[in-house]
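Step one of this worksheet: look at the structure below.
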Amino acid sequence: MVVVDIDPDELRTLTGHDEKSDDELKDDLFALGLEFEGETDDGEFQLEFAPDRLDRLSVEGVARSLRYQYGDTRGIFVPDANDAEWTIEVDESVPDYRPYVTGAIVRDVNLTEDALDSLIQLQEKLHATMGRKRAKGAIGIHDLTMLKGGALGPDAAADHNSIEYRGVSPDGDTFVALDSDRELTPEEVLTDHPTGETYADLVEGHDTYPAIYDDLGLFSFPPVINGRRTEVTTESRDLLIELTGTDQWTIDKMCVILCYALSARGGQIESVDVQYPDHALVRPDFETTEKRVTHDRIETLLGVDLSEDEVVDYMERAGLGVETEVWGDGVDYDVEVPPYRVDVLHAVDIVDDVGRAHGFNELVPRYPEVGTVGGRTSDSRHARAVRNTLAGLGFEGLLNFHMIAEDENYDRMNLAPGTDAVGGGRAATIAEPYSEDYEMLRTWALPSILMVLENNTHRAYPQDLAEVGFAAHLDDDENTGVAERDTVAAVVARHDASYEDAKSRLQSLCRAFDVGLETPPTTHPSFIDGRTAAIEIDGEEVGVIGEIHPQVLVEHDLELPVAGFELRRDALE
């Protein structure tokens, strides 16, 4: 989940509700699905966001949602966009690994210190989520007055200017990057600049790098860093937004979210012509989409009786446009979805908006109209028994996400995919994940536990953690092509943690379920050679146990020994 810092005073100002106390704001935010996680030293709210509502990654987006919730704003809003006075020309030399570009002009924006901080945070959060740490999409924001547009040709309008997106050789043109005071080539930026070092892996190894030029020269080196010449300050009033990436739809939607945020600060959006060698686009793309949902489906999914007027009211208070169509005894709703709502993929998403506007806390629980009573399956009872046994052995239980990043599952564990080692199976991946943090189903649970240890280095030791959870890997012998299983993983982290500590706990766990245990020596890239064993239960190899390899510990910023084990839960049945 993404955590965003929101100034409650800014929120009150942008919503027009100065009378709201902090506690009232927290209740209203919770109704939107935003979890309060604490406060910064400056008194800002730290809010945890679901990865679907990327339009709320700024105080402007949250304020817009609150105004709809309060009923102060209704229906769909699309900002006006003036005709284009600037063109982004895409040269054929643009690297094919980053072929797409989009952009917008925003004029007369009021960039206070708070507004600038919010814009920078929104840029960073979009990079981390939709942009997949700039790999899929990267944003550059520039002071337009510091740019000199080139002429488009003899037939172009006198007031029309152009910039060019093209390729540059690593040791080609120089520029002064942000937070630098000397001219550097793109290659020198990657080696001599802290930001360049951070994002070097996105471009290094290629013959050409992406670059954006105006008539004065290179001013942006996407996706790495902008030039100092066009740096945005609180004195900036006219902005150029440019985005490059590997997917046109992604960078277009990121651009739209930025434009909505700046429009809330009084900015006037102006279109930009994007001229590719074989086609042209006008951006930003404020085109709305349409979904249809029936009244009967809304009532069935929510379990409440609603009038037609109530449904229209709730949809408008969710920021949607709606028209009704009556046929026979039924009612259909043609719903217009604003361009910043990247989460609305299906009619069910519309029903979710109606339910949230109605208030999920207002829904009354009721028994389903069936003649059976639910209960735990034998599988669920066994999993609970394993968890209880682990708790009795001194482990603190965890419940981690089943989704994980590929590098967390493999690379940071010193493990290669497609191997026979525990956790080394081929992963079931998501074709188009929203976030780089959740790209695949994990193939084992130890990486998730080590991520918890990494985030808990500020807490006291010992830390004995365990999880009974889901794992999966590709398997052509399965009907679905994916082998799913419950796995049991545990670690002991302390100054004297050893193989013996982990094995004694494993032995007690096996005795509790009356299964035979043997631990013949083995090797595993995540564990120390000579301090690693296979877990064999009743003669079948079902897992691995050992001391975590120092390379893995360093990768997770852990400064003390960790020993652990992982095995299939069904081996304990």
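The values are calculated or read from the model by the stated rules, or taken from the named source; none is laboratory data. These numbers were taken from a predicted model, which means no experiment stands behind them. Cβ atoms come from the backbone with ideal geometry, glycine included; neighbour counts cover every protein chain shown. Accessible surface areas use protein heavy atoms only, side chains included; no ligands, DNA or RNA. Shrake-Rupley method; radii C 1.70, N 1.55, O 1.52, S 1.80 Å.
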Here are A483, A421: which of them is of a type in the set (G, A, S), assigned to a loop (DSSP other than H, G, I, E, B), in contact (Cβ under 8 Å) with a residue 40 or more places away in the chain and in contact with a strand residue (DSSP E or B) (Cβ under 9 Å, 6 or more places away or on another chain)? A421
Give just the number: which of (1) at pLDDT 95 or above; (2) within 30 Å of A128 (Cα to Cα); (3) not acidic (D, E) does Y438 not satisfy? (1)
For segment 494-525, which residues satisfy the criterion of being without any contact (Cβ under 8 Å) to a residue 40 or more places away in the chain and open to solvent by less than 40 Å² (accessible area, probe 1.4 Å)? G516, T519
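Can you pull out every residue in segment 56-114 that is assigned to a loop (DSSP other than H, G, I, E, B) and free of Cβ contacts under 8 Å to residues at least 60 places away in the same chain?
First, pick out the residues of segment 56-114 that are assigned to a loop (DSSP other than H, G, I, E, B): 57-58, 71-80, 91-99, 108-112.
Across segment 56-114, the qualifying residues are D72, D96.
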Of the listed residues (V491, V542), the one being under 35 Å from the mean Cα position of the chain (by Cα), farther than 18 Å from L453 by Cβ and either modelled with pLDDT under 95 or open to solvent by less than 50 Å² (accessible area, probe 1.4 Å) (or both) is V542
Counted residues, segment 273-322 - those being over 25 Å from V78 (Cβ atoms) and in a strand (DSSP E or B): 1
Out of all the residues in segment 350-383, which are of a type in the set (V, I, T) and loosely packed, with under 11 Cβ neighbours inside 10 Å? V364, V370, T372, V373, T377
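Within segment 235-253, work out how many residues are open to solvent by less than 10 Å² (accessible area, probe 1.4 Å) and part of a helix (DSSP H, G or I).
To start, the set of residues in segment 235-253 that are open to solvent by less than 10 Å² (accessible area, probe 1.4 Å) comprises 236, 239-245, 250-251.
Then drop every residue that is not part of a helix (DSSP H, G or I), which leaves 250-251.
Total satisfying the criteria: 2.
Scanning segment 384-414 for residues that are under 25 Å from the mean Cα position of the chain (by Cα) and under 30 Å from R511 (Cβ atoms), which turns out surrounded by the most Cβ atoms within 10 Å (Cβ to Cβ)? Full working, then the answer.
Step one: list which residues in segment 384-414 are under 25 Å from the mean Cα position of the chain (by Cα), which gives 398-414.
Next, only the ones that are under 30 Å from R511 (Cβ atoms) stay: 398-400, 402, 413.
Values: L398: 17, L399: 9, N400: 18, H402: 15, M413: 26.
Across segment 384-414, the extreme among qualifying residues is M413.
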Of the residues that sit in segment 494-531 and are of a type in the set (K, R) and over 17 Å from L465 (Cα atoms), which one is nearest to the chain's Cα centre (by Cα)? R531
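Yes or no, residue by residue, for (1) in a loop (DSSP other than H, G, I, E, B); (2) in contact (Cβ under 8 Å) with a residue 24 or more places away in the chain; (3) of a type outside the set (K, R):
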position: S435; (1), (2), (3): yes, yes, yes
position: Y438; (1), (2), (3): yes, yes, yes
position: W444; (1), (2), (3): yes, yes, yes
position: H458; (1), (2), (3): yes, no, yes
position: E467; (1), (2), (3): no, yes, yes
position: A472; (1), (2), (3): no, yes, yes
position: D476; (1), (2), (3): yes, no, yes
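Restricting to segment 1-44, and then to whatever is in a strand (DSSP E or B) and among the hydrophobic types (A, V, I, L, M, F, W, C), can you tell me which residue is most open to solvent (accessible area, probe 1.4 Å)?
Looking only at segment 1-44, we keep the residues that are in a strand (DSSP E or B), and these are 2-6, 35-39.
Subset that is among the hydrophobic types (A, V, I, L, M, F, W, C): 2-4, 6, 36.
Values: V2: 30, V3: 55, V4: 0, I6: 1, F36: 78 Å².
Only one residue fits best here, namely F36.
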